[in-house]
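Presented below is the structure to which this report refers.
The values are calculated or read from the model by the stated rules, or taken from the named source; none is laboratory data. Since we're looking at a predicted model, the values are computed, not measured. Here the Cβ is made from the backbone with ideal geometry for all residues, glycine too, and neighbour counts use every protein chain on show. The accessibility values were calculated without ligands, DNA or RNA, using every heavy atom of the protein model including side chains. Shrake-Rupley method; radii C 1.70, N 1.55, O 1.52, S 1.80 Å.
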Amino acid sequence: MAEITAKLVKELREKSGAGVMDAKKALVETDGDMDKAVELLREKGMAKAAKKADRVAAEGLTGVYVSGNQAAVVEVNAETDFVAKNAQFVELVNETAKVIAEGKPANNEEALALVMPSGETLAAAYVNATATIGEKISFRRFALLEKTDTQHFGAYQHNGGRIGVISVIEGGDETLAKQISMHIAAMKPTVLSYIELDEQFVKDELAKLNHEIELDNESRAMVDKSPLPFLQYGSKAQLSDQVITKAEDDIKAELAAEGKPEKIWDKIIPGKMDRFMLDNTKVDQAYTLLAQVYIMDDSKTVEAYLNSVNAKAVAFARFEVGEGIEKKANDFESEVAATMAAALNN
């Protein structure tokens, strides 16, 4: 039986990333054979990872990497927020973003086949991370963005990396691009403009907004407040030339009824039309970057602000850790009931 020295254990730990006790046990089982011990730990690591495969990993971090005209944002998940602060986990996230930005995979399958700095594939790196960290660690998604030499990336991470954003801006500078990314982090747009919104999606969201107004009006009626008007439109896509012309005609009729001199209508109509557009693009404002009120200048939309500084938004990607992942909730009442039943039966 070979002597298992501290030096051997340390060497195996450095090669495998395993804990002290796991490394020692592997050396004992392989009679001190380093190569066999590494292979044994790898097999055990894969077995441990397989057992954790069905667990829900909804915590984690985003990673952002920019190099020249290529950028990537990734989301990597863990089971607990505590592990998301682990130095090994943070390094894995950052290396993943870099490897993906440089490798330019077309999908997750190609991404997992990329080779990490350690020489192992991305897929193997996550298996090993699950084994050594002790929680399910999973690579969830990525987005790649490219720019031209005259465009700018805005890279920004918020809340310790739980939100990661990259924007591409034409004109302006990197400071403006980063400010736009900060806006995206805070206001959660999902697409650039109304053109990208599905027609049925707009109708469904408009129905939700009107349902909220209906509930609000019930409360207002109880305190003798006048009801709020329902929304007829929700997106610029619904505002045809005919709709715009009718809105202008309605405003003119309103001004005439109020006895406003026709010579001052040109000064009043633009402001009222701006109000009409604002009131009838609520879905755009919720989901599209360009229609949102800019957080750095709330007198303008993002589109209007960018136009005022001769710039435009080209593209963006925003990841927030855990969005769309259904977390398992603990049923506290059932847990207490089960505990009491078990106690009564003993």
Checklist entry - Taking region 112-171 as the search range and keeping residues that are surrounded by 17 or more Cβ atoms within 10 Å (Cβ to Cβ) and polar (S, T, N, Q), which one is nearest to residue 320 (Cα to Cα)? => result 157
Checklist entry - Taking region 74-109, which residues are charged (D, E, K, R) and at pLDDT below 90? => result 79, 81, 85
Checklist entry - Does residue 249 meet the test of being open to solvent by 40 Å² or more (accessible area, probe 1.4 Å) and at pLDDT 95 or above? => result yes
Next on the checklist: Which numbered condition in (1) open to solvent by 20 Å² or more (accessible area, probe 1.4 Å); (2) part of a helix (DSSP H, G or I); (3) touching a residue at least 60 places away in the same chain (Cβ under 8 Å); (4) within 29 Å of residue 169 (Cα to Cα) is the only one that residue 88 fails?
Outcome noted: (4)
Checklist entry - Which residue out of 23, 71, 18, 49 is part of a helix (DSSP H, G or I), at pLDDT 60 or above and open to solvent by less than 30 Å² (accessible area, probe 1.4 Å)? => result 23
Next on the checklist: Just the residues that are touching a helix residue (DSSP H, G or I) at 6+ places or on another chain (Cβ under 7 Å), more than 16 Å from residue 165 (Cα to Cα) and open to solvent by less than 40 Å² (accessible area, probe 1.4 Å), please, taken from region 303-316.
Outcome noted: 311
Next on the checklist: For a quick check of your reading of the model, give me the residue pairs whose first member lies in region 110-129 and is under 15 Å from residue 74 (Cα atoms), whose second is among the aliphatic types (A, V, I, L, M) and open to solvent by 50 Å² or more (accessible area, probe 1.4 Å), with beta-carbon atoms closer than 8 Å and at least 6 apart or on different chains.
Outcome noted: 122/112; 122/113; 122/115; 123/112; 123/113; 126/112
Checklist outcome for this item: Picked from region 268-300 (must be among the polar types (S, T, N, Q) and in contact (Cβ under 8 Å) with a residue 60 or more places away in the chain), the residue surrounded by the most Cβ atoms within 10 Å (Cβ to Cβ) is 288
